[in-house]
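Engineer: The structure's right below; bear with me while I get my questions together.
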Amino acid sequence: MTVKDSIIIGFHSCVDYELKWDQKRLEELIKSYKIHNDELAMDLEIDSARSLLIVALAHMKMGVGAEFTPSSNDICLEFANNFQYEVTVGGTAARAAIAISKIGYESSLSMVCCNKHIKDTLPEAVHYFSNVGENHEAEYPHVVFSYPANAHISVEDIDFVTPRENRMMFSRDVDSLNMVISQDFAPMMEEAKVMLLSCFSEVLEKDILKKRMEELNLLLEALPKEAFVLMEDGCYINKEFRTYVHDALRDKLSALSMNEDEMQEYYGKRINIMDPSEVLNTIGYIYKKLGVPILIVHSAAWAIAYGKHAKSMCKVLEGGTNMAATRFCFGDNFGKKEYELVSNGECRKDSIEFGEEIESLSEEEICCVASKDLRYVEHPVVVGLGDSFAGGMLPELVNGNGVK
């Protein structure tokens, strides 16, 4: 019998290698590769483990996160093998489905990667469908390199302190490069109230992307007309493809969500995310360019919904904020008790003040939710926060908050 859940999620799934932070080992690698400060660059072609480390250091210096596709999978593995790591299930779609299962919500998950590790890890509440078939066992690990705030990196002429915690992801994943979509998933979508789409950021060939957009638009016809379609954006390898995806799906989307780095990349420059006027101008600019009903932006300090019926999204933003905060505190090791504990915690005072000011300045409908005050967390988890935020919005949407 075909399972027909209210929450539908697709399509990105993968195996993650989550590297353990080891500053001593990192500094040893800098020395062994003889890397100097004037080499640090954020847009370098990654054709070796050395160039991968150079790009990583440049991003650490700025305190930003990103996603990259090195020239081979072997480069990712070579870099990962310098550190201890935990093997987990990643990808926005898969991680979002796992997150909401921990607080009692079932979902149907359409995946572009399906192997024994993923099948053995997914909870029973996640009813998965493999777009690449049940016998597909290939693994192309996504290397997740997380770094803490206030890490002082001092080797030779390299000397900086990381301004905040963040993460980078490196992968050459054939499944993600192809993002296969099957129309056979359609029967599982027929009673959906909400569908979360993850991005197509790792697709590098225009012909493949064009075909996937055609296939996705056809697949979305299986949704009930009243279903809320939410897309979580990403860091596109090919920047032009980001606009192409937005244009291809605009008429199907109820809301588009992105994090602070993706917002600033779209805008074309870095901004002060605690300056209400600057943030409002940036979000307003992006909203007009996108042409979607609601734009959602989530950061370390706040989450904002902007546009048509944005006020209806306040509870939805709270759900995302609470789930991301819970992951920040507990990683994968949480249940309803931990989720409720974090959800009932205090919000950041500076974020509350920011929200009050930006709402007073906006002429467009807007809702701003403050992030939780998590200064007490000694060992924060920074990977998967955006995935958790996206997943955390789904229970509120399926419970009737938010409008199409």
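The values are calculated or read from the model by the stated rules, or taken from the named source; none is laboratory data. What you see is a predicted model; the values in this text were computed from it and never measured. Cβ coordinates were reconstructed from backbone atoms using ideal geometry, including for glycine residues, and neighbour counts include every protein chain displayed. For the accessible areas, the whole protein counts, side chains as well, though only heavy atoms, and no ligand, DNA or RNA atoms are used. Shrake-Rupley method; radii C 1.70, N 1.55, O 1.52, S 1.80 Å.
Engineer: State yes or no: is E191 over 22 Å from the mean Cα position of the chain (by Cα), surrounded by fewer than 14 Cβ atoms within 10 Å (Cβ to Cβ) and modelled with pLDDT of 95 or more? Give the derivation first.
Structural biologist: On the way: over 22 Å from the mean Cα position of the chain (by Cα): yes; surrounded by fewer than 14 Cβ atoms within 10 Å (Cβ to Cβ): no; modelled with pLDDT of 95 or more: yes.
So E191 fails the test.
Engineer: What helices (runs of 4 or more DSSP H) completely inside region 274-367 contain at least 2 residues that are within 23 Å of L394 (Cα to Cα)?
Structural biologist: On the way: elements: 276-290, 314-330, 336-343, 349-361.
Counting at least 2 such residues, we get 276-290, 314-330, 336-343.
Engineer: If you don't mind, another one. Can you tell me how many residues in region 82-102 are more than 26 Å from Y128 (Cα to Cα) and free of Cβ contacts under 8 Å to residues at least 60 places away in the same chain?
Structural biologist: 1
Engineer: Still on this structure, I have one more. Which number in (1) in contact (Cβ under 8 Å) with a residue 60 or more places away in the chain; (2) aromatic (F, W, Y); (3) in a strand (DSSP E or B) marks the one condition that F79 misses?
Structural biologist: (3)
Engineer: Right, another one. Can you find a residue that is within 18 Å of the chain's Cα centre (by Cα), within 27 Å of P380 (Cβ to Cβ) and buried (at least 18 other Cβ atoms within 10 Å of the Cβ) anywhere in region 79-89?
Structural biologist: The answer is yes; a qualifying residue exists.
Engineer: So is E365 within 21 Å of V292 (Cα to Cα), modelled with pLDDT of 95 or more, of a type in the set (D, E, K, R) and under 21 Å from the mean Cα position of the chain (by Cα) or not?
Structural biologist: Values: within 21 Å of V292 (Cα to Cα): yes; modelled with pLDDT of 95 or more: yes; of a type in the set (D, E, K, R): yes; under 21 Å from the mean Cα position of the chain (by Cα): no.
No, not satisfied.
Engineer: Out of all the residues in region 340-368, which are open to solvent by 20 Å² or more (accessible area, probe 1.4 Å) and in contact with a Ser or Thr (Cβ under 7 Å, 6 or more places away or on another chain)?
Structural biologist: Result: C347, R348, L361.
Engineer: From the list S176, S198, S182, S171, which one is open to solvent by less than 10 Å² (accessible area, probe 1.4 Å), out of contact with any helix residue (DSSP H, G or I) (no Cβ under 7 Å at 6 or more places or on another chain) and under 24 Å from E139 (Cα atoms)? Break it down into steps so the answer makes sense when it comes.
Structural biologist: Values: S198 fails: out of contact with any helix residue (DSSP H, G or I) (no Cβ under 7 Å at 6 or more places or on another chain); S182 fails: open to solvent by less than 10 Å² (accessible area, probe 1.4 Å); S171 fails: out of contact with any helix residue (DSSP H, G or I) (no Cβ under 7 Å at 6 or more places or on another chain).
Every option except S176 fails the conditions.
Engineer: How many residues are small (G, A, S), out of contact with any Cys (no Cβ under 7 Å at 6 or more places or on another chain), open to solvent by less than 20 Å² (accessible area, probe 1.4 Å) and in a loop (DSSP other than H, G, I, E, B) when one looks only at region 234-273?
Structural biologist: Looking only at region 234-273, we keep the residues that are small (G, A, S), and these are 234, 248, 254-255, 257, 268.
Going one step further and asking which of them are out of contact with any Cys (no Cβ under 7 Å at 6 or more places or on another chain), we end up with 248, 254-255, 257, 268.
Okay, now just the ones that are also open to solvent by less than 20 Å² (accessible area, probe 1.4 Å), so 254-255, 257.
Keeping just the survivors that are in a loop (DSSP other than H, G, I, E, B) gives 254.
Looking only at that region, the number is 1.
Engineer: Just checking, which of T121, T162 is of a type in the set (V, I, T), touching a helix residue (DSSP H, G or I) at 6+ places or on another chain (Cβ under 7 Å) and touching a residue at least 24 places away in the same chain (Cβ under 8 Å)? Let's see the steps before the verdict.
Structural biologist: Numbers: T121 fails: touching a helix residue (DSSP H, G or I) at 6+ places or on another chain (Cβ under 7 Å).
After applying the criteria, what remains is T162.
Engineer: Let me ask something else. For region 115-167, how many residues meet the condition of being surrounded by 15 or more Cβ atoms within 10 Å (Cβ to Cβ), in a strand (DSSP E or B) and among the charged types (D, E, K, R)?
Structural biologist: Counting residues in region 115-167 that are surrounded by 15 or more Cβ atoms within 10 Å (Cβ to Cβ), in a strand (DSSP E or B) and among the charged types (D, E, K, R) gives 1.
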